[in-house]
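A short worksheet on the structure shown next.
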Amino acid sequence: MTRIASDGAASGSPVQTRRAEREAVYASLAAQVVGAVYGFVVAQISGALSFVGDDPFAVWAAAGAAVVAAIAATAGYWRSRAQPEQQWRRQLAPWLFTVNTISVVVVHVALAYLATYALYRLLALGFIGLPIVTFWAVVLMAVTLGLSTYLVYLSSSSITTQRLSTLLMAFISIGTLTATITTPDPQWWQVHFSQLGTFDDLSSWIFNGTLVAGGLLVTTFAVHISRDLSALAATGTLEHRGVARFVSTAFVIMGVMLAFVGIVPVDVNLLVHNLSASGMAIAYLVLLIAGYRILRGMPRAYFVAASAFLAATVVSVVLFSVGYFSLTAFEIIVFALIFGWIAVFIRFLGVAGREDAGDEGDTR
(Lines give C-alpha, C1' and ligand atoms only; values in the text may rest on other atoms or scores of the structure.)
Protein backbone atom coordinates (compact mmCIF):
# COMPACT_ATOMS: atom_id res chain seq x y z
CA MET A 1 0.00 0.00 0.00
CA THR A 2 1.37 3.39 -0.94
CA ARG A 3 2.17 5.63 2.01
CA ILE A 4 0.12 8.81 2.05
CA ALA A 5 1.51 12.14 3.19
CA SER A 6 -1.85 13.67 3.93
CA ASP A 7 -2.59 16.76 5.95
CA GLY A 8 -3.70 14.67 8.86
CA ALA A 9 -0.33 12.97 9.04
CA ALA A 10 1.87 15.83 8.03
CA SER A 11 4.44 17.22 10.37
CA GLY A 12 6.71 20.19 10.03
CA SER A 13 10.41 19.85 9.34
CA PRO A 14 12.90 20.62 12.13
CA VAL A 15 13.63 24.01 10.51
CA GLN A 16 9.95 24.90 10.41
CA THR A 17 9.50 23.69 13.99
CA ARG A 18 12.41 25.82 15.18
CA ARG A 19 11.01 28.84 13.36
CA ALA A 20 7.60 28.40 14.94
CA GLU A 21 9.14 27.97 18.39
CA ARG A 22 11.32 31.04 17.91
CA GLU A 23 8.43 33.18 16.76
CA ALA A 24 6.24 31.89 19.59
CA VAL A 25 8.87 32.82 22.16
CA TYR A 26 9.30 36.31 20.75
CA ALA A 27 5.54 36.80 20.61
CA SER A 28 5.26 35.57 24.18
CA LEU A 29 7.88 38.04 25.40
CA ALA A 30 6.03 40.90 23.72
CA ALA A 31 2.75 39.70 25.26
CA GLN A 32 4.37 39.60 28.70
CA VAL A 33 5.30 43.26 28.38
CA VAL A 34 1.76 44.08 27.28
CA GLY A 35 0.42 41.95 30.14
CA ALA A 36 2.49 43.79 32.70
CA VAL A 37 1.18 47.14 31.48
CA TYR A 38 -2.34 45.75 31.32
CA GLY A 39 -2.10 44.43 34.88
CA PHE A 40 -0.89 47.80 36.15
CA VAL A 41 -3.74 49.65 34.41
CA VAL A 42 -6.36 47.17 35.66
CA ALA A 43 -5.07 47.52 39.23
CA GLN A 44 -5.33 51.30 39.03
CA ILE A 45 -8.80 51.27 37.47
CA SER A 46 -10.36 48.58 39.64
CA GLY A 47 -8.80 49.54 42.94
CA ALA A 48 -9.27 46.51 45.21
CA LEU A 49 -8.79 43.42 43.05
CA SER A 50 -9.50 39.92 44.31
CA PHE A 51 -10.13 36.42 42.98
CA VAL A 52 -13.83 36.68 43.87
CA GLY A 53 -16.48 39.38 44.04
CA ASP A 54 -18.55 41.37 41.59
CA ASP A 55 -15.52 42.24 39.46
CA PRO A 56 -13.10 39.32 39.92
CA PHE A 57 -9.57 39.18 38.61
CA ALA A 58 -10.56 36.13 36.55
CA VAL A 59 -12.70 38.24 34.21
CA TRP A 60 -9.91 40.75 33.55
CA ALA A 61 -7.33 37.99 33.03
CA ALA A 62 -9.60 35.99 30.71
CA ALA A 63 -10.35 39.09 28.63
CA GLY A 64 -6.65 39.85 28.24
CA ALA A 65 -5.89 36.23 27.30
CA ALA A 66 -8.63 36.30 24.69
CA VAL A 67 -7.25 39.44 23.03
CA VAL A 68 -3.68 38.16 22.73
CA ALA A 69 -5.00 34.76 21.63
CA ALA A 70 -6.85 36.43 18.76
CA ILE A 71 -3.67 38.15 17.59
CA ALA A 72 -1.47 35.09 18.05
CA ALA A 73 -3.90 32.72 16.31
CA THR A 74 -4.34 35.06 13.35
CA ALA A 75 -0.60 35.57 12.93
CA GLY A 76 0.27 31.90 13.47
CA TYR A 77 -2.35 30.54 11.09
CA TRP A 78 -1.57 33.14 8.44
CA ARG A 79 2.21 32.62 8.53
CA SER A 80 1.88 28.84 8.50
CA ARG A 81 0.74 29.03 4.86
CA ALA A 82 4.43 29.29 3.93
CA GLN A 83 5.13 25.79 5.26
CA PRO A 84 5.42 23.21 2.44
CA GLU A 85 2.67 20.98 3.84
CA GLN A 86 0.34 23.96 4.26
CA GLN A 87 0.89 25.78 0.97
CA TRP A 88 -2.22 24.15 -0.48
CA ARG A 89 -4.24 26.64 1.58
CA ARG A 90 -2.95 29.42 -0.69
CA GLN A 91 -5.07 27.94 -3.48
CA LEU A 92 -8.31 28.23 -1.52
CA ALA A 93 -10.90 30.80 -2.53
CA PRO A 94 -10.44 34.00 -0.49
CA TRP A 95 -13.82 33.65 1.20
CA LEU A 96 -13.11 30.05 2.16
CA PHE A 97 -9.71 30.86 3.57
CA THR A 98 -11.31 33.73 5.51
CA VAL A 99 -13.94 31.42 7.01
CA ASN A 100 -11.24 28.90 7.96
CA THR A 101 -9.13 31.60 9.58
CA ILE A 102 -12.09 32.99 11.52
CA SER A 103 -13.04 29.55 12.85
CA VAL A 104 -9.47 28.76 13.95
CA VAL A 105 -9.12 32.17 15.62
CA VAL A 106 -12.53 32.05 17.33
CA VAL A 107 -11.90 28.61 18.80
CA HIS A 108 -8.47 29.58 20.14
CA VAL A 109 -9.89 32.81 21.59
CA ALA A 110 -12.72 30.96 23.29
CA LEU A 111 -10.41 28.28 24.68
CA ALA A 112 -8.00 30.91 26.00
CA TYR A 113 -10.85 32.82 27.67
CA LEU A 114 -12.53 29.77 29.19
CA ALA A 115 -9.30 28.11 30.34
CA THR A 116 -8.02 31.31 31.95
CA TYR A 117 -11.33 32.08 33.61
CA ALA A 118 -11.66 28.52 34.95
CA LEU A 119 -8.08 28.53 36.25
CA TYR A 120 -8.50 31.73 38.24
CA ARG A 121 -11.90 30.68 39.54
CA LEU A 122 -10.21 27.50 40.77
CA LEU A 123 -7.47 29.54 42.44
CA ALA A 124 -10.19 31.56 44.12
CA LEU A 125 -11.23 28.45 46.05
CA GLY A 126 -7.77 28.24 47.59
CA PHE A 127 -7.19 31.96 48.20
CA ILE A 128 -10.52 33.14 49.59
CA GLY A 129 -10.39 36.81 50.54
CA LEU A 130 -6.85 37.35 49.25
CA PRO A 131 -6.46 40.87 47.82
CA ILE A 132 -4.42 41.28 44.64
CA VAL A 133 -2.10 44.24 44.97
CA THR A 134 -0.60 46.06 41.99
CA PHE A 135 2.62 44.02 42.01
CA TRP A 136 0.81 40.70 41.76
CA ALA A 137 -1.63 42.04 39.19
CA VAL A 138 1.34 42.97 36.99
CA VAL A 139 3.07 39.60 37.48
CA LEU A 140 -0.03 37.46 36.99
CA MET A 141 -1.15 39.34 33.88
CA ALA A 142 2.33 39.12 32.36
CA VAL A 143 2.46 35.36 32.93
CA THR A 144 -1.13 34.79 31.76
CA LEU A 145 -0.85 36.76 28.52
CA GLY A 146 2.64 35.45 27.76
CA LEU A 147 1.70 31.81 28.24
CA SER A 148 -1.56 32.21 26.30
CA THR A 149 0.29 33.76 23.36
CA TYR A 150 2.96 31.05 23.33
CA LEU A 151 0.53 28.13 23.38
CA VAL A 152 -1.93 29.64 20.89
CA TYR A 153 0.78 30.62 18.40
CA LEU A 154 2.26 27.11 18.38
CA SER A 155 -1.18 25.51 18.06
CA SER A 156 -2.36 27.72 15.18
CA SER A 157 0.98 27.38 13.36
CA SER A 158 0.62 23.62 12.94
CA ILE A 159 -3.05 23.07 12.13
CA THR A 160 -3.77 19.63 10.73
CA THR A 161 -6.98 17.64 10.48
CA GLN A 162 -6.18 15.75 13.67
CA ARG A 163 -5.27 18.94 15.55
CA LEU A 164 -8.58 20.44 14.44
CA SER A 165 -10.30 17.36 15.84
CA THR A 166 -8.55 17.80 19.18
CA LEU A 167 -9.43 21.49 19.28
CA LEU A 168 -13.06 20.75 18.48
CA MET A 169 -13.38 18.13 21.23
CA ALA A 170 -11.70 20.37 23.80
CA PHE A 171 -13.72 23.40 22.79
CA ILE A 172 -17.11 21.69 22.79
CA SER A 173 -16.40 19.93 26.11
CA ILE A 174 -15.10 23.00 27.95
CA GLY A 175 -17.77 25.28 26.53
CA THR A 176 -20.73 23.09 27.42
CA LEU A 177 -19.37 22.21 30.86
CA THR A 178 -18.79 25.89 31.60
CA ALA A 179 -22.37 26.65 30.57
CA THR A 180 -23.76 23.92 32.84
CA ILE A 181 -21.91 25.12 35.95
CA THR A 182 -22.63 28.82 35.39
CA THR A 183 -26.30 28.58 34.41
CA PRO A 184 -28.72 30.43 36.72
CA ASP A 185 -31.16 27.49 36.62
CA PRO A 186 -29.79 24.47 38.51
CA GLN A 187 -32.77 22.42 37.29
CA TRP A 188 -32.11 22.98 33.58
CA TRP A 189 -31.55 19.26 33.05
CA GLN A 190 -35.18 18.55 33.87
CA VAL A 191 -36.25 20.36 30.67
CA HIS A 192 -33.80 19.67 27.83
CA PHE A 193 -30.19 20.27 26.81
CA SER A 194 -31.05 23.36 24.78
CA GLN A 195 -32.46 24.98 27.92
CA LEU A 196 -28.90 26.11 28.65
CA GLY A 197 -29.14 28.59 25.78
CA THR A 198 -32.39 30.25 26.81
CA PHE A 199 -31.12 32.55 29.57
CA ASP A 200 -30.03 36.08 28.76
CA ASP A 201 -26.77 35.84 30.69
CA LEU A 202 -23.13 34.78 30.36
CA SER A 203 -23.87 31.05 30.58
CA SER A 204 -26.27 31.20 27.62
CA TRP A 205 -23.82 33.26 25.59
CA ILE A 206 -21.15 30.66 26.31
CA PHE A 207 -23.45 27.77 25.35
CA ASN A 208 -24.80 29.31 22.15
CA GLY A 209 -21.41 30.74 21.23
CA THR A 210 -19.83 27.32 21.67
CA LEU A 211 -22.30 25.82 19.22
CA VAL A 212 -21.81 28.59 16.64
CA ALA A 213 -18.01 28.49 16.83
CA GLY A 214 -18.07 24.69 16.86
CA GLY A 215 -20.15 24.76 13.69
CA LEU A 216 -17.61 27.05 12.02
CA LEU A 217 -14.82 24.68 13.00
CA VAL A 218 -16.69 21.67 11.59
CA THR A 219 -17.01 23.48 8.26
CA THR A 220 -13.26 24.12 8.38
CA PHE A 221 -12.91 20.36 8.85
CA ALA A 222 -14.50 19.93 5.45
CA VAL A 223 -11.59 21.62 3.68
CA HIS A 224 -8.91 19.55 5.41
CA ILE A 225 -10.91 16.32 5.14
CA SER A 226 -11.52 16.91 1.43
CA ARG A 227 -7.78 17.24 0.83
CA ASP A 228 -6.95 14.13 2.87
CA LEU A 229 -9.61 12.03 1.18
CA SER A 230 -8.64 13.26 -2.29
CA ALA A 231 -5.06 12.17 -1.64
CA LEU A 232 -6.21 8.74 -0.46
CA ALA A 233 -8.51 8.31 -3.46
CA ALA A 234 -5.81 9.43 -5.91
CA THR A 235 -3.47 6.67 -4.74
CA GLY A 236 -6.17 4.01 -4.72
CA THR A 237 -6.32 3.62 -0.94
CA LEU A 238 -10.00 4.55 -1.09
CA GLU A 239 -11.99 3.00 -3.92
CA HIS A 240 -14.72 5.61 -4.35
CA ARG A 241 -13.58 8.58 -6.46
CA GLY A 242 -16.32 10.88 -5.19
CA VAL A 243 -15.55 10.28 -1.52
CA ALA A 244 -13.95 13.68 -0.93
CA ARG A 245 -16.88 15.72 -2.23
CA PHE A 246 -19.50 13.55 -0.52
CA VAL A 247 -17.91 13.54 2.92
CA SER A 248 -16.84 17.19 2.87
CA THR A 249 -20.34 18.28 1.80
CA ALA A 250 -21.88 16.30 4.66
CA PHE A 251 -19.47 17.93 7.11
CA VAL A 252 -20.38 21.38 5.82
CA ILE A 253 -24.06 20.57 6.38
CA MET A 254 -23.29 19.35 9.90
CA GLY A 255 -21.34 22.51 10.65
CA VAL A 256 -24.03 24.85 9.33
CA MET A 257 -26.75 22.99 11.22
CA LEU A 258 -24.73 23.05 14.46
CA ALA A 259 -24.14 26.78 14.08
CA PHE A 260 -27.85 27.43 13.59
CA VAL A 261 -28.67 25.47 16.75
CA GLY A 262 -26.72 28.19 18.58
CA ILE A 263 -27.80 31.12 16.42
CA VAL A 264 -31.49 30.30 16.92
CA PRO A 265 -32.03 29.17 20.54
CA VAL A 266 -35.07 27.10 21.35
CA ASP A 267 -36.87 30.05 22.97
CA VAL A 268 -36.39 32.21 19.84
CA ASN A 269 -37.77 29.83 17.23
CA LEU A 270 -38.53 26.25 18.21
CA LEU A 271 -39.09 25.03 14.64
CA VAL A 272 -35.81 26.36 13.22
CA HIS A 273 -33.91 25.16 16.28
CA ASN A 274 -35.30 21.64 16.05
CA LEU A 275 -34.86 21.46 12.28
CA SER A 276 -31.21 22.48 12.67
CA ALA A 277 -30.58 19.88 15.37
CA SER A 278 -32.35 17.21 13.31
CA GLY A 279 -30.41 18.18 10.19
CA MET A 280 -27.14 17.71 12.00
CA ALA A 281 -28.21 14.29 13.30
CA ILE A 282 -29.35 13.21 9.82
CA ALA A 283 -26.05 14.27 8.23
CA TYR A 284 -24.24 12.26 10.90
CA LEU A 285 -26.33 9.16 10.19
CA VAL A 286 -25.88 9.53 6.44
CA LEU A 287 -22.10 9.67 6.86
CA LEU A 288 -22.16 6.73 9.23
CA ILE A 289 -24.32 4.49 7.04
CA ALA A 290 -23.00 5.53 3.62
CA GLY A 291 -19.46 5.12 4.91
CA TYR A 292 -19.69 1.34 4.58
CA ARG A 293 -19.66 1.82 0.81
CA ILE A 294 -18.07 5.17 0.12
CA LEU A 295 -15.18 4.75 2.57
CA ARG A 296 -14.03 1.34 1.36
CA GLY A 297 -10.29 1.16 1.89
CA MET A 298 -10.29 2.64 5.39
CA PRO A 299 -8.76 0.37 8.07
CA ARG A 300 -11.13 -2.43 9.05
CA ALA A 301 -11.07 -1.28 12.65
CA TYR A 302 -12.77 1.95 11.57
CA PHE A 303 -15.82 0.04 10.33
CA VAL A 304 -15.94 -1.89 13.60
CA ALA A 305 -15.96 1.42 15.47
CA ALA A 306 -18.53 2.90 13.08
CA SER A 307 -20.81 -0.09 13.67
CA ALA A 308 -20.51 0.46 17.41
CA PHE A 309 -21.49 4.12 17.03
CA LEU A 310 -24.43 3.19 14.79
CA ALA A 311 -25.62 0.53 17.24
CA ALA A 312 -25.30 2.95 20.17
CA THR A 313 -27.33 5.55 18.27
CA VAL A 314 -30.09 3.08 17.45
CA VAL A 315 -30.22 1.81 21.05
CA SER A 316 -30.42 5.39 22.32
CA VAL A 317 -33.34 6.15 20.01
CA VAL A 318 -35.17 3.02 21.15
CA LEU A 319 -34.60 3.69 24.85
CA PHE A 320 -35.78 7.27 24.43
CA SER A 321 -38.85 6.13 22.51
CA VAL A 322 -39.91 3.79 25.31
CA GLY A 323 -39.37 6.48 27.93
CA TYR A 324 -36.24 5.06 29.55
CA PHE A 325 -34.21 8.17 28.68
CA SER A 326 -35.28 11.72 29.37
CA LEU A 327 -35.04 14.23 26.53
CA THR A 328 -31.99 15.82 28.15
CA ALA A 329 -30.16 12.51 28.48
CA PHE A 330 -31.04 11.56 24.91
CA GLU A 331 -29.77 14.89 23.52
CA ILE A 332 -26.52 14.68 25.46
CA ILE A 333 -25.91 11.06 24.42
CA VAL A 334 -26.52 11.76 20.72
CA PHE A 335 -24.42 14.92 20.94
CA ALA A 336 -21.57 12.91 22.48
CA LEU A 337 -21.92 10.14 19.88
CA ILE A 338 -21.70 12.60 16.98
CA PHE A 339 -18.54 14.28 18.20
CA GLY A 340 -17.08 10.99 19.40
CA TRP A 341 -17.51 9.56 15.91
CA ILE A 342 -15.90 12.66 14.37
CA ALA A 343 -12.85 12.15 16.60
CA VAL A 344 -12.60 8.46 15.70
CA PHE A 345 -13.06 9.14 11.98
CA ILE A 346 -10.32 11.77 11.98
CA ARG A 347 -7.90 9.48 13.82
CA PHE A 348 -8.43 6.67 11.32
CA LEU A 349 -8.24 9.09 8.42
CA GLY A 350 -4.78 10.05 9.65
CA VAL A 351 -3.50 6.46 9.46
CA ALA A 352 -5.34 5.25 6.35
CA GLY A 353 -2.90 4.35 3.61
CA ARG A 354 0.09 4.00 5.89
CA GLU A 355 2.18 0.91 5.57
CA ASP A 356 1.86 0.18 9.28
CA ALA A 357 -1.95 0.37 9.24
CA GLY A 358 -1.96 -3.34 8.58
CA ASP A 359 -5.66 -3.98 8.09
CA GLU A 360 -6.74 -1.77 5.22
CA GLY A 361 -10.14 -2.64 4.84
CA ASP A 362 -11.89 -5.01 2.74
CA THR A 363 -15.45 -4.34 3.76
CA ARG A 364 -17.00 -6.29 0.94
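The values are calculated or read from the model by the stated rules, or taken from the named source; none is laboratory data. This one's a predicted model, so the numbers in the text were calculated from it and none came from an experiment. Note that we place each Cβ from the backbone using ideal geometry, even for glycine, and neighbour counts take in every protein chain shown. Ligands, DNA and RNA are excluded from the accessible area calculation, which covers all protein heavy atoms including side chains. Shrake-Rupley method; radii C 1.70, N 1.55, O 1.52, S 1.80 Å.
Roll a 1.4 angstrom probe over the protein heavy atoms and tell me the percent of accessible area of the stretch 149-249 that is carbon or sulfur.
The value for the stretch 149-249 is 63 percent carbon and sulfur by accessible area.
Work out, step by step, the length gained on full extension between Ile289 and Asp201: first 0.36 nm times the residue separation, then minus their alpha carbon distance; give nm to one decimal.
Gain on extension, Ile289 to Asp201, equals 27.7 nm.
What residues have an amide H closer than 5 Å to that of Arg296, excluding those fewer than 5 places away on the same chain, when H is modeled at 1.01 Å from N in the peptide plane?
Glu239, His240
I want to verify the translational diffusion coefficient of the stretch 123-185 in µm²/s; compute it with Stokes-Einstein, Rh as the Kirkwood radius over Cα pairs, at 37 °C and 0.692 mPa s.
221
GNM, the chain, Cα, under 10 Å: largest mean-square fluctuation among Gly209, Gly175, Gly129?
Judging by the Gaussian network model, the answer is Gly129.
Treating only the Cβ of Lys, Arg, Asp and Glu as charged (+1, +1, -1, -1), what charge dipole size does the chain show about its Cα centre? Round to the nearest 20 debye.
Dipole of the chain, to the nearest 20 debye: 1120 debye.
In deg cm²/dmol, rounded to 500, what helix-only [θ] at 222 nm does the chain give when every DSSP H run of at least 4 residues adds -39500 (n - 2.57) and the total is split over its residues?
After summing the helix terms and dividing by residue count, I get -25500 deg cm²/dmol.
Once you have the alpha carbon radius of gyration of the chain, what is it after dividing by 2.2 N^0.38 Å, with N set to its residue count?
So the chain has a normalised radius of gyration of 1.07.
Any chance you could give the angle, 0 to 90 degrees and rounded to 10, that helix 270-294 forms with the longest Cα principal axis of the chain?
50
For the chain, modelled as a GNM with alpha-carbon contacts under 10 angstrom, which of Gly35, Gly297, Gly340 fluctuates the most?
Most flexible of the set in this elastic network: Gly340.
Would you mind checking the stretch 24-45 for residues with the amide N under 20 Å from a putative spin-label position 7 Å along Cα→C-beta of Trp78?
24-32, 34
For the chain, with every protein chain kept in place, what is the accessible area per residue (1.4 Å probe, Å²)?
46
Debye calculation, C-alpha points only, no solvent: report log10 I(q)/I(0) for the stretch 106-251 at q = 0.12 Å⁻¹, in the same order as the q values.
Relative scattering, expressed as log10 I(q)/I(0), comes to -0.68.
Stretched out fully, how many nm does the piece from Val304 to Leu123 gain, at 0.36 nm a residue minus the Cα gap?
Taking Val304 through Leu123 to full extension adds about 60.8 nm, to one decimal.
What whole number of Å gives the distance from the Cα centroid of the stretch 269-331 to the Cα centroid of the stretch 139-170?
The stretch 139-170 and the stretch 269-331 have Cα centres separated by 31 Å.
When the chain is modelled as a GNM with alpha-carbon springs shorter than 10 Å, which of Ile282, Ile71, Ile128 fluctuates the most?
Comparing Ile282, Ile71, Ile128 in a Gaussian network model of the chain, the most mobile one is Ile128.
Starting from the amide H of Leu49, placed 1.01 Å from N in the peptide plane, find each other amide H under 5 Å away whose residue is 5 or more places distant or on another chain.
Residues meeting the criterion, in which the H sits 1.01 Å from N, are Ile132.
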